[in-house]
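To start, the structure itself, in structure tokens.
Throughout, read-outs are computed from the coordinates displayed, never taken from laboratory work. Keep in mind the model is a prediction, meaning the values are calculated, not measured. Cβ placement follows ideal geometry from the backbone for every residue including glycine, while neighbour counts extend to all protein chains displayed.
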Amino acid sequence: MEFSHIPVLLNECLEGLAIDPTGTYLDGTAGGGGHSSEIAKRLTTGRLVSLDQDPDAIEAAGKALQGLPATLVKTNFCNARSALQGLGIYQINGALLDLGVSSHQLDDASRGFSYRADAPLDMRMSQSGPTAADLVNTASREELARILREYGEEPYAWAIAGKIVQRREQEPFATTLQLADTIASALPPAVRRKDKNPSRRSFQALRIAVNSELDVLSQGMEEIFDMLAPGGRFAIITFHSLEDRLVKNKFRQWATACTCPPEYPVCVCGGKAKGTLITRKPIEATAEELEYNRRSRSAKLRVIEKN
Ligand SMILES: C[S@@+](CC[C@H](N)C(=O)[O-])C[C@H]1O[C@@H](n2cnc3c(N)ncnc32)[C@H](O)[C@@H]1O
């Protein structure tokens, strides 16, 4: 299958990273290599390391990066430090994360990310470990409801979790459409009629859980920020409010000098800010980009510079 993915907020990322042609850069989410190749093209004696946990993405990015000063590593970006150190790199001048799934992963029905096409209920970016089917067939109603509520902000989480548990007693879930039908059957008819994609929130929630996306993001941000040289930039594109909140709060924490509890009348920690916010408000796609790239609709870019 051809890998088609238009890089989101490309110019804004390149500008945010303020690329030094002699520097060392990390792209933690290579995907189809769209951002990676544009970064690598701007390097002279510099070098790019691109990571992705999906073997299909590594293959596609490999093609896009041919002849460019870039090295690909198949790993999760929460292992960024050991991936870089394995290449003899102990400091980087900038890093990018373009989170979530690629258009390719969504469009390839066999990956099981989409509720629009019937396919095995998989959703694993790395193509290893427990699948979404394993999760919905084994988790308790309470756990499923928590996942749907926390990661999908699904108002009918408890009802949907109940239907899932009921249905799997007759036959375990194997496909995306079995799950989509079960989700729809748990919703009040008026909601079902009004909401064009009643499975959207639940599918997002299960994908986040299957790939431990929020834990991985927290750990990855710390590892990557640690590796940045002073003056190095860290740019992150998020696609939903849970991710964006994590990034916003972490960037704010790094950009805050004092870490004393708010009730202290004066600062006793003498803390220094670790970073400076380059974007106070997130950058979003322009009207022009929205026209040709649907994926940019919910994208938010935040950038911080290490002090
Ligand atoms: C939105 S796409 C990136 C697209 C890329 N920027 C481009 O222009 O082609 C996200 C990619 O990141 C990968 N990914 C998501 N989370 C990851 C993680 N924790 N570690 C490594 N790769 C991850 C996915 O497999 C997917 O290929």
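Some values worked out for this structure:
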read-out: Per-bin percent of Cα-Cα distances, segment 1-159 [5 Å]; value: 2, 9, 16, 18, 17, 13, 10, 8, 5, 2, 1, 0
read-out: Distance between segment 146-160 and segment 219-275 - C-alpha centres, whole angstrom; value: 29
read-out: Exposure proxy ranking, count of Cβ atoms within 10 Å, fewest first, for C78, C258, C269, C13; value: C269, C258, C78, C13
read-out: Relative contact order, percent, the chain [alpha-carbon distance under 8 Å, six or more residues apart]; value: 18
read-out: Percent of alpha-carbon pairs separated by more than 30 Å within the chain; value: 37
read-out: Number of Lys pairs (Cα under 19 Å; 8 or more positions apart or on different chains) in the chain; value: 16
read-out: Rounded Å value of the spacing that divides the Cα centres of segment 284-305 and segment 17-80; value: 20
